[in-house]
1. Can you pull out the chymotrypsin sites (Phe, Trp or Tyr not before Pro) in the stretch 184-223 whose DSSP state is coil and whose Cβ has at most 12 other Cβ atoms within 10 Å?
2. If each Cα of the stretch 20-240 is one equal point scatterer, what is log10 of I(q)/I(0) from the Debye formula at q = 0.16, 0.17, 0.18 Å⁻¹?
3. In whole Hz, with x marking every Gly and Pro, tabulate ³J(HN,Hα) for the stretch 77-86 from phi via Karplus 6.51 cos²θ - 1.76 cosθ + 1.60, θ = phi - 60°.
4. Could you calculate the contour length gain from Tyr13 to Gln61, that is, 0.36 nm times the residue separation minus the distance between their Cα atoms, to one decimal place in nm?
5. Tell me, what HN-Hα J-couplings in whole Hz come from the Karplus equation 6.51 cos²θ - 1.76 cosθ + 1.60 at θ = phi - 60° for each residue of the stretch 98-114, using x for Gly and Pro?
6. Under a plain spin-label model, where a point goes 7 Å from the Cα along Cα-to-Cβ, how far apart in nm are Lys179 and Glu103?
7. Under the 0.36 nm per residue contour assumption, what length would be gained going from the current alpha-carbon distance of Phe77 and Ala236 to full extension?
8. Given contacts defined as C-alpha pairs under 8 Å and at least six residues apart, what's the relative contact order of the chain, whole-number percent?
Amino acid sequence: MNSYFKGLQDQFYQAFIDGDSPRYLLYLNGLKIAYMVMIGALVLGVAIGVVLAVIRTSADQQKKGKRTWWLTLLNVFAKVYVTVIRGTPMMVQLLIMGFVVFENSRQLVLIAILALGINSGAYVSEIIRSGIQSINPGQMEAGRSLGMKYSTVMRKIIIPQAIKNILPALGNEMITLFKDTSLVTVIGLADLTKVAIQIQARTYQALMPFVGIAIIYLINVLILTWILGKMERRLAASDRS
């Protein structure tokens, strides 16, 4: 039994301490990259999602005989975009972005943000669209009757309320994005997963590197979940007051 725990201690030392500089610094750098990619992709995904959701909602609200051709065309594009992105694997999209679209680029963080953001945008658009549809249509009619433009009503009345309704779903999307950053290793980015693979290749020990990053991901997901829970409770309290 003592020899077993001694072996675990040795593996832990090789995976996290050994090296010219402590190897845990590599994990910290990988975690920093994971957060950079997650935050960048989330911002891009929300921006894309809002635009697509507004396009699709506006197109659905068009009355027969009064449809505008450009909005109909944008709606078709939005539907194709969502279908293609949601219908193909995230890893395949990363590979296409890294080795086809940006074949000669070494800006791996930006490529990862772009790939994950474009993927997230398709899912966020459906989340936001459902949030917009949950708002009473009478609010749009009331805003329009006061002389406000459609875009103004959406920006100042509808979307702020929709964001409150969909915050839990957006939080889940953020956590999913954080875990999906483990896929960016396929384009050579030195994230947590890439670090663990490199250390496993040097030490020939897989237990500590891979279990270690699993624990790191779990702890960070729990922290993000706790932060989101506090935000939801604050929003709920502001609604009651």
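Throughout, read-outs are computed from the coordinates displayed, never taken from laboratory work. Treat the numbers as computed from the prediction; the structure is a model and nothing was measured. Note: ideal-geometry Cβ built from the backbone for every residue, glycine included; neighbour counts use all protein chains shown.
1. Passing sites in the stretch 184-223 are Tyr204.
2. Debye curve over Cα of the stretch 20-240, log10 I(q)/I(0) at q = 0.16, 0.17, 0.18 Å⁻¹: -1.11, -1.20, -1.28.
3. 4, 4, 5, 5, 4, 4, 5, 5, 5, 6
4. Once the chain is fully extended between Tyr13 and Gln61, it gains 11.1 nm.
5. Once rounded to whole Hz, the list reads x, 10, 10, 5, 10, 4, 9, 8, 10, 7, 5, 5, 5, 4, 5, 4, 5.
6. My value for the distance between the label points is 3.5 nm.
7. Roughly 53.6 nm would be gained on extension.
8. 29 percent
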